[in-house]
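Before any comments, here is the structure.
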Amino acid sequence: MQEYKGRTELVGDITQKNCSLKIDPLRQSDRGPFYFRIELGDYDQHSYRNNAVSITPTVSVKEEVVEGQNVSASCSVSHSCPSSPPEFTWTHSGKKRFQSQQLTNGQWKATSVLTFKATKADHNKPLSCTVRYKGGLITSQHHKELIVCFCADAPVNVKVDYKSHVKEGETVQLKCSSEANPPANSYLWKNKAGARLHQGQSYKLINVSRHTGVLYCTANNTVGESKSSPVQLNVETCLNLNMMNILINSYICCSDSCL
């Protein structure tokens, strides 16, 4: 108890069942828990451990929000000195509001409410609150599992990876990808008219021909869907190769006749 000598004072009125304790100045080691204990000489003694007080803030926030939605986070801590309430600092910028509520047994509850608009930059970003008491004591709450913002949006940058130049009769593998939060849970392949061709992130076209038309991929998640740019395969047919050979041979013959 020597470490508290000269820094503590009973400020409550015992006749009114108020045994409030004042610690001034607070130190970094003064975290608690603190509880009231009564000792009546050799007669009786008792510790009220069920009513312990700790100087540790509690952060509360909705963990999953949509981008652009307003987020309201609160940080609360109990104290017993309403004339010198604690000061709150957040790791995120935004509009702050302070609230004070009187509890029982001489306790007060101080709450800081932070409001901000969620953006993509907030995704998976932890939120912490720091509380500074009179005298310099600093305590913070950093919840490692707390996700400030789950910025949900429909898939974007839907792309199709494929071999653009193929020969007639070959097999072509097409793979669709996208950026989405939450990730795309479904991929659909459709033709130019919108008819469904295949479901899955990969699509294997067997025995392609020059009649293989335009197609595209659609990525879907719980928020919405987006489609890729049209995909048109450049199919080299035997007819194309024969025509090319004819043109080449004609050019050679013409060149020989000129000599």
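The values are calculated or read from the model by the stated rules, or taken from the named source; none is laboratory data. Small disclaimer: the values here were computed from a predicted structure and weren't measured. Cβ coordinates were reconstructed from backbone atoms using ideal geometry, including for glycine residues, and neighbour counts include every protein chain displayed. Remember, those area values only see protein heavy atoms, side chains included, never the ligands or the DNA or RNA. Shrake-Rupley method; radii C 1.70, N 1.55, O 1.52, S 1.80 Å.
Report yes if some residue within the stretch 186-196 is open to solvent by 50 Å² or more (accessible area, probe 1.4 Å), closer than 15 Å to Val231 by Cα and outside any strand (DSSP E or B); otherwise report no. Taking every residue of the stretch 186-196 in turn, at least one turns out to be open to solvent by 50 Å² or more (accessible area, probe 1.4 Å), closer than 15 Å to Val231 by Cα and outside any strand (DSSP E or B).
Is it fair to say Leu241 is out of contact with any Cys (no Cβ under 6 Å at 6 or more places or on another chain), modelled with pLDDT under 90 and surrounded by 11 or more Cβ atoms within 10 Å (Cβ to Cβ)?
On the way: out of contact with any Cys (no Cβ under 6 Å at 6 or more places or on another chain): yes; modelled with pLDDT under 90: yes; surrounded by 11 or more Cβ atoms within 10 Å (Cβ to Cβ): yes.
Yes; evaluated as a whole, the condition is true for this residue.
For the stretch 45-60, check the following and say yes or no: at least one residue is farther than 21 Å from Lys134 by Cα, open to solvent by 80 Å² or more (accessible area, probe 1.4 Å), of a type in the set (Lys, Arg) and modelled with pLDDT of 70 or more. No, that holds for no residue.
Quick check, is Ser177 at pLDDT 90 or above and open to solvent by 30 Å² or more (accessible area, probe 1.4 Å)? Spelling it out, Ser177 is indeed at pLDDT 90 or above and open to solvent by 30 Å² or more (accessible area, probe 1.4 Å). When the residues of the stretch 119-163 are filtered to those that are acidic (Asp, Glu) and modelled with pLDDT of 75 or more, which remaining residue is least open to solvent (accessible area, probe 1.4 Å)? It comes out as Asp122.
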